[in-house]
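The values are calculated or read from the model by the stated rules, or taken from the named source; none is laboratory data. Quantities reported herein were computed from a predicted structural model and do not represent experimental measurements. Here the Cβ positions follow ideal geometry from the backbone for every residue, glycine too, while neighbour counts run over all protein chains shown. Protein only, heavy atoms only, side chains kept; ligands, DNA and RNA dropped before computing areas. Shrake-Rupley method; radii C 1.70, N 1.55, O 1.52, S 1.80 Å.
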Amino acid sequence: MRLAGAAVAGLALDARAAEKLAIQVRSAYSTEETPTPYRHVTGYNNFQEFGPYKEDPAELAHGLRTRPWSVIIDGLVQKPKTLAIEDILKLAPIEDRTYRLRCVEGWSMVVPWLGFPLSALLRQVEPLGNAKFVEFTSVTQPDVMPGVRRHTLPWPYREGLRLDEAMHPLTLACVGLYGEVLPNQNGAPFRLVVPWKYGFKSAKSIVRIRYTETEPLTTWNALQPDEYGFYANVNPDVSHPRWSQARERRLGEFFKRPTQLFNGYADQVGQLYAGLDLRKHY
Amino acid sequence: MTRHIETLKRILFVLCLLPAARFGLGVWQDTLGANPIEALTRGLGDWALNFLLITLSVTPLRRLSGWTWLGRLRRMLGLYAFAYACLHLTAYLWLDQFFEWSEIGRDILKRPFITAGMTAFLLLVPLAATSTNGMIRLLGGRRWQQVHRLVYPLAMIAVLHYTWMVKVDVARPAIYGIVLAVLLGLRLWWRYADARQAFLASQPPRLKRVIPIQTRR
């Protein structure tokens with residue numbers, strides 16, 4: 001297999017006209033692992049709004065309208081707020097966060113994301129004392145999203161985190177990758193990245209963040225609760241009903257590698273789940 | 001005619017190799033996308049199913065067109081379905097599981113789509129094994145035919161295997177399902193129609209409706 005060599009060649013061939021995004025802070029949270037080639041990061045995506053196949057988003061997401069864009073933060077807060085994307089981009093210094101991404105389907109990549117801790121955004125409002133969770137809602141633009149028109153999932157796409165997970169320094173408010181603003185197929189202009197959870201938890205193209213008291217109903221969890229839990233922490237010992245999660249295929253590699261507990265971020269996030277039965281709360 | 005059939009079979013033999021050649025080239029030139037092993041495994045499965053349905057369409061096509069020679073291509077097509085199923089299974093055992101038999105065993109027992117896929121494959125084995133002229137003679141035409149009726153449940157299980165593998169969008173498996181339903185439905189319909197015809201033919205003439213012949217003057 002000449003995967004590696006060809007991947008490098010492919011990288012050089014990418015004609016990129018995207019807007020650059022300067023890195024202001026080098027983050028200590030970045031992994032030293034080799035990033036997955038740009039063409040795979042931007043050509044192999046799960047973005048069900050654009051279709052069920054990995055090539056669909058790259059092919060169809062150019063129609064996504066990312067300006068004007070604003071994010072509503074409401075729910076159990078003192079005063080709801082609507083932030084324009086231009087202001088969100090200025091909330092905190094842009095950090096380079098190269099993270100492992102593990103998909104629930106058994107493949108993984110390493111993505112050089114750009115963004116800042118989500119906590120900086122969440123702190124823009126003052127939550128009420130009973131707020132325990134946050135819910136993220138993705139955009140729906142049916143005219144450019146064939147998946148939405150065909151009702152393949154109950155739209156809009158919703159995800160959620162416990163408040164302490166959302167405030168964790170690893171949790172990223174992501175606005176770019178590979179030194180440029182987020183390509184549409186990767187969830188432009190603003191998405192979530194939660195590196196110790198399966199990829200579907202990291203909602204794309206977010207338009208609303210809502211503080212709630214009870215666990216929010218999230219899309220995949222509501223659809224197939226035995227296959228996709230609310231927590232969805234990467235865990236090699238808890239298999240998906242249709243396949244084992246013990247190993248993963250890193251894109252570009254021939255042999256599978258063992259999957260790590262919390263996707264290798266156990267040292268940072270393990271204490272969040274002290275006392276929680278991870279087999280029950282998968 | 002026999003000479004023409006032999007030529008046709010040679011052409012068909014090469015044509016049926018093309019999908020495999022395309023995958024081989026794709027692996028060599030790394031054009032199978034970000035996850036080539038998944039693309040390869042699934043692509044080979046698609047072709048196993050394609051050949052299965054092509055094989056099952058021979059009999060209906062022969063009946064509809066009246067081209068009896070089509071039947072002489074059926075064995076090769078069926079064996080290609082088996083060959084692609086073997087490659088598909090090999091890709092799973094080797095490239096997906098790296099021959100970890102305990103893991104594979106667990107997969108077969110615990111995961112319905114793997115159970116279905118493995119069942120379909122195991123049902124295909126006796127059909128391939130009894131495909132030679134010698135085996136047909138040994139079994140006798142009638143018994144051979146009975147064995148080869150396994151292809152009907154097998155094809156349904158194969159489509160189920162595909163359907164259960166898919167996450168939410170079952171559009172592609174549904175197309176296979178519809179094609180299979182048509183191919184099997186035609187057989188059922190013809191069976192019914194032929195039986196009816198035979199029944200009517202077996203009735204004494206007095207029960208037959210007499211249609212008066214009007215002659216034009």
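Which of the residues belonging to the range B:111-129 are modelled with pLDDT of 95 or more and either among the charged types (D, E, K, R) or more than 30 Å from A:Ser239 (Cβ to Cβ) (or both)? Selection gives B:Pro126, B:Leu127, B:Ala128, B:Ala129. Would you confirm, using the coordinates I've provided, whether B:Arg187 is modelled with pLDDT under 85 and part of a helix (DSSP H, G or I)? Spelling it out, it is not the case that B:Arg187 is modelled with pLDDT under 85 and part of a helix (DSSP H, G or I). For the range B:33-75, filtered to residues that are open to solvent by 40 Å² or more (accessible area, probe 1.4 Å) and within 14 Å of another protein chain (Cβ to nearest Cβ), the residue that is modelled with the lowest pLDDT is B:Glu38. Being within 14 Å of chain A (Cβ to nearest Cβ) and either more than 20 Å from B:Ala158 (Cα to Cα) or free of Cβ contacts under 8 Å to residues at least 40 places away in the same chain (or both) is true of B:Ile108. Please verify whether B:Tyr162 is out of contact with any His (no Cβ under 9 Å at 6 or more places or on another chain), open to solvent by 40 Å² or more (accessible area, probe 1.4 Å) and either not in a helix (DSSP H, G or I) or not aliphatic (A, V, I, L, M) (or both), treating the condition exactly as stated. Taking the combined requirement at face value, the residue does not satisfy it. Restricting attention to the range A:251-275 and to residues that are under 24 Å from B:Phe98 (Cα atoms) and small (Gly, Ala, Ser), the residue that is nearest to the other protein chains (Cβ to nearest Cβ) turns out to be A:Gly252. Based on what the data block shows, is B:Arg137 within 14 Å of chain A (Cβ to nearest Cβ) and of a type in the set (D, E, K, R)? So B:Arg137 does not fit the description; no. Condition first: free of Cβ contacts under 8 Å to residues at least 60 places away in the same chain and crowded, with 16+ Cβ neighbours inside 10 Å. Can you find one or more residues in the range B:6-25 that meet it? Checked against the condition, which is being free of Cβ contacts under 8 Å to residues at least 60 places away in the same chain and crowded, with 16+ Cβ neighbours inside 10 Å, the range B:6-25 yields at least one hit.
Pairs linking a residue in the range A:32-47 that is at the interface with chain B (Cβ under 9 Å from one of its Cβ atoms) and within 16 Å of A:Asp96 (Cα to Cα) to a residue that is in a loop (DSSP other than H, G, I, E, B) and open to solvent by less than 40 Å² (accessible area, probe 1.4 Å), with Cβ atoms under 6 Å and 6 or more positions apart or on different chains, are A:Thr36/A:Leu251.
Only residues that are more than 23 Å from A:Ser70 (Cα to Cα), open to solvent by 10 Å² or more (accessible area, probe 1.4 Å) and assigned to a loop (DSSP other than H, G, I, E, B) were counted across the range A:179-216, and they come to 4.
Residue-level check: of (1) over 19 Å from B:Gly43 (Cα atoms); (2) open to solvent by 50 Å² or more (accessible area, probe 1.4 Å), B:Val170 misses just (1). Of the numbered criteria (1) open to solvent by 40 Å² or more (accessible area, probe 1.4 Å); (2) touching a residue at least 60 places away in the same chain (Cβ under 8 Å); (3) within 14 Å of another protein chain (Cβ to nearest Cβ), the one B:Val179 fails is (3).
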